[in-house]
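No lab work stands behind these numbers, since they all come straight from the coordinates. This one's a predicted model, so the numbers in the text were calculated from it and none came from an experiment. Cβ placement follows ideal geometry from the backbone for every residue including glycine, while neighbour counts extend to all protein chains displayed.
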Amino acid sequence: MKSRFAKIAYGIGNLGQALFFNTVQTFLIFFYTDVVHLAPRLVSLAFAVSYGIWNAINDPLIGLISDRTRTRWGRRIPYIVLGTPLTFLFFFLVWSPPLGGRPLANPSHTGIFLYFALVIAIFDLVYTAVSVTYTALFPEAFEELTERTEVSIYRQVAAMIGTALGVAIMPVLVGLFSQRFGDLGGWRTAGLVLGFIGASAFGFSLLGSRERQKSSAEEALPFLDALKETLVNRSFLAFVGANLMICYIWSWLSAMVPFFTKYVLHAPEEQMSLIFLGMFATSMGLYPLWRKVALRLGSKNTLALAVTLFVVFMLPVLVVANLAQALMMILLVGAANSGITLVRDIVLSDVIDEDELRTGQRREGSYFGVNAFIERLVMVLIGGSSSLVLSLSGYAPELATQPPSVSMGIRLGMSLLPLAALGVFWFSLRFYPLGKEQVATLRERLDSLN
């Protein structure tokens, strides 16, 4: 069993993972649409292709390659060491389009569209190399449910801090730096500061990251065989179906909050940080309670309960009229989010344990890589959803004042689309077989073999 310092150090890496991912999720569409003034259709196209479809290729590829990597430093750690500085660099470039200090006069500017598409694609490649291998260390290093829930708390508290920095502090930093450097310079400088923090967190995680020598010494499955074994695993397929809907609900909320704050609440952009901070506060405060729920109900049932509550608590978005009411709603959403983030990776870890019994190998990279591929497909859904909702509601980025239909369109989109996703989530979870008793039996069999 690892020391508490090692567990905490490893967990801090999740700050970087959450910061990079959620900042891009929350502000990328808003930045290039509302600040850069690139046409929404071009933003959606670049977002869907370069950050969605491209991710569908590089995530499983990197996961499978890392399973086959053999070095004196392990299978995963070299990717974290080499990929972290590049992630920092391209994260900064995402927020630094060459505009000469002014927004676009021509929303259909081909050069900025190509810049956006290329830089976000390269960022996603290097970020994936770090994030997939970092996450793949979790089930290999921590085996028992009690240990996994403990480390998961450290990881998720770090993730909440990273997400808070990315989505709540980002607009504050932008506001501060914009006073000195202008609007575009404010975004660029905020990207520099947050990129450095995220990269530092990944670097610190190496102090607690270790790999099993046995797993690194095993001969890996052939590439295509490994991919086939992953894709025919029924437990995994059921998980990724449910998990895709979780990611959609999360990403949709993050993508719409800036629009909701500005065009529904008519609040200053800086105040969106209060909405996110409220969510993170309840999420972090309730991890000990959700850990007790998970140890009692098992990871599967805990996940089902938390996701259902999350969507139900979002429904008041139809009627909230001011920032105070929005904060009350988001506090409840954060309470449910605490349960989701605590057990989601544990559910996938149970799938990987089951796979070890079947194949005799630890293949975290394959599973987390393919799962990340499925997760990134949500970018296509978010790109399409945002384009659909904004277009149908009559949103036009060049207008200083949007028509009333924009407010209603945002409310309906933020409530009805998550409800549809919840239905798909429950349908997928019906086919996931690893409940509490099945996982306990699974662990007993693994312990007897090791």
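Toward the positive end of the charge dipole of the chain, with +1 on the Cβ of Lys and Arg and -1 on the Cβ of Asp and Glu, the farthest Cα among Thr71, Val157, Ser386 is that of Val157. Between region 111-178 and region 231-290, the C-alpha centres lie 14 angstrom from each other. Dipole orientation for the chain: of the candidates Phe196, Ala420, Gly360, Phe196 has the Cα lying most toward the positive pole (charges on Cβ; Lys, Arg +1; Asp, Glu -1).
All other residues whose Cβ lies under 10 angstrom from that of Arg445 are scored, Lys and Arg at +1 and Asp and Glu at -1, for a net of -4.
Compute the angle between helix 272-285 and the longest alpha-carbon principal axis of the chain, please, reported from 0 to 90 degrees and rounded to the nearest 10. It works out to around 20 degrees. Once Kirkwood radius over Cα pairs in Å is calculated for the structure shown, the corresponding label among (1) 22.1; (2) 24.0; (3) 24.9 turns out to be (1).
Considering only Ile122, Pro40, Gln179, the residue lying farthest towards the positive end of the dipole of the chain is Gln179, judged by Cα position with unit charges set on Cβ. Over the residues of the chain, the helix contribution to mean residue ellipticity at 222 nm works out to -26000 deg cm²/dmol, using -39500 (n - 2.57) for each DSSP H run of at least 4. In degrees from 0 to 90, rounded to the nearest 10, what is the angle of the helix 364-376 Cα long axis to the longest principal axis of the chain? Long axis of 364-376 versus the principal axis of the chain: about 20 degrees.
Relative to the longest principal axis of the Cα atoms of the chain, the long axis of helix 378-393 lies at roughly 20 degrees.
Dimensions of region 1-124 from C-alpha coordinates, computed as largest minus smallest value along each principal axis and given longest first, are 58, 29, 20 Å. In whole angstrom, how far apart do the alpha carbon centroids of region 362-401 and region 323-360 sit? A separation of 19 Å, based on Cα centres.
Across the chain, where is the longest run that never hits GluC sites (Glu not before Pro) in a DSSP loop with at most 11 other C-beta atoms within 10 Å? Walk me through the numbers before you get to the answer.
On the way: sites that count: Glu144, Glu219, Glu398.
Counting at most 11 other Cβ atoms within 10 Å as exposed, the longest clean stretch of the chain is 220-397.
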